Amino acid sequence: MTIVLTDNPAKLSNLELVMQCQKGNSTLFRQLYQRYQDRVRATLFQLCGGNHLEDLVQEVFLRVWKSLPKLREASYFSTWLYRITWNVATDERRKYARQPKMVEDESQLHQAPSVTTQTPDLMRLHYQELIQQGLQKLNLEHRAVMVLHDLEDIPQKEVADILQLPLGTVKSRLFYARKQLKQYLQDQGVVL
Amino acid sequence: MRQPTDDDTLVTFLKTYQPSVPPESMTLENRLMAEISRHPRRKNKRLALFALGSIILAGLTIGGTIWQRNTLSPQVAISVEDLENFLVEGWEETLEASSGHSVNDDWFLLEDSTTESLDTQNY
């Protein structure tokens, strides 16, 4: 396949960009980072929370840079990137599991949120907080399926590829994750 | 039009109120690029070794095939004499192997018995 490089890297297609980065073009890797960092950042935030977010994003892209030559199908990049993101998230969980749990975090999760007498902006913040707490209540495997499918709009088949799971497992995890989150939100007074 | 299910309502709620991601720090991109410059892409040594190994293996295979053809290929008798010699030699070797003594001995025995019979006839 021949690729005609334009002067403006922003005009390069994702596929062309990935292939150039595979060849070791670090200048274009900056462009690749700019295109994909939002997704990686959002996914990591939903999976691991805001602590160490910057470090985790950096870790993902560092692993991407080191492993890019091993990626056989450049068109598979997006799925592969999410898989690395998932690996970084699970590594972070392992690291976190070895540390003693922060008492404040636990207490935050069990705080009963006040629902009534709030202005629309506060209501929005309140709902955001509830969703974040609800997601954190799910185990990481269930949360990952939900974040990837329901928030990142990734089809179930691709989620199965990213998490290296059978499609049936993804469907079942999605079912239980939604059920659990719905129950949590209803318990907090949210009417869906 | 399809009625929204409970799941659809939940997903819409999640998307509407999903927690906002903290903004990217201004320094992250530069930190990452600095980190990357410390990890320059190395030539793939494994690939080079694999290619070298493949070349050597292919050379050995081709050389071996050529040698085998030149040395071990069946020789075809081009004249009737060659074929006759081959058959005689083969036959003699088979007999020697099975009887344990040389075929020439049998020839001598035959020759002796012929002379003997001739001698008796002379009588």
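The values are calculated or read from the model by the stated rules, or taken from the named source; none is laboratory data. Not measured: the values here are computed from a predicted model. Positions of Cβ are backbone-derived with ideal geometry, glycine not excepted, and every protein chain shown enters the neighbour counts. Heads up: the accessible areas ignore ligands, DNA and RNA and are worked out on the full protein's heavy atoms, side chains in. Shrake-Rupley method; radii C 1.70, N 1.55, O 1.52, S 1.80 Å.
To the nearest ten degrees, helix A:53-67 and the longest principal axis of the Cα atoms of chain A are 30 degrees apart.
With both labels modelled 7 Å from their Cα along Cα-to-Cβ, the A:Ser13 to A:Lys95 distance reads 3.7 nm. Taken one residue at a time, the phi angles of segment B:49-59 give Karplus couplings (6.51, -1.76, 1.60, θ = phi - 60°) of 5, 4, 5, 4, x, 5, 5, 4, 4, 5, x Hz. Gly and Pro are set to x. Using the alpha carbons alone, the radius of gyration of chain A stands to its Kirkwood radius in an Rg to Rh ratio of 1.03. Relative to the longest principal axis of the Cα atoms of chain A, helix A:77-98 runs at roughly 50 degrees.
Filter A:Lys11/A:Lys157; A:Lys95/A:Lys137; A:Lys137/A:Lys179; A:Lys137/A:Lys182; A:Lys182/B:Lys15; A:Lys23/A:Lys70 down to the pairs with a C-alpha to C-alpha distance above 20 Å, please. As for pairs spanning more than 20 Å Cα to Cα, those are A:Lys11/A:Lys157.
Interface area, chains A and B: about 3400 Å² of buried accessible surface, summed, with a 1.4 Å probe and ligands, DNA and RNA left out. Tally Lys/Arg at +1 and Asp/Glu at -1 over every other residue whose Cβ is under 14 Å from the Cβ of A:Arg35; what's the total? Here the charged neighbours net out to 0. A simple rule links phi to the HN-Hα coupling: the Karplus curve 6.51 cos²θ - 1.76 cosθ + 1.60 with θ = phi - 60°, which for segment A:173-185 gives 5, 5, 4, 6, 5, 5, 4, 5, 5, 4, 4, 4, 5 Hz, with x for Gly and Pro. Here the Karplus relation 6.51 cos²θ - 1.76 cosθ + 1.60, evaluated at θ = phi - 60°, turns the backbone of segment B:8-24 into coupling constants of 4, 4, 5, 5, 5, 4, 4, 5, 5, 10, 5, x, 6, 6, x, x, 5 Hz, with x for every Gly and Pro. The distance between label points at B:Arg31 and A:Asp153 comes to 3.0 nm (points 7 Å beyond Cα on the Cα→Cβ vector). As a calculated quantity, the FRET efficiency between B:Ser20 and B:Thr65 at R0 = 45 Å, using C-beta atoms, amounts to about 0.05.
When only the Cβ of Lys, Arg, Asp and Glu is charged (+1, +1, -1, -1), the dipole of chain A relative to its Cα centre reaches about 580 debye. Once the 1.4 Å probe is applied to the protein heavy atoms, chain A comes out at 54 Å² accessible per residue. Model label points for A:Leu140 and B:Ala58, set 7 angstrom from Cα along the Cα-to-Cβ axis, are 4.5 nm apart.
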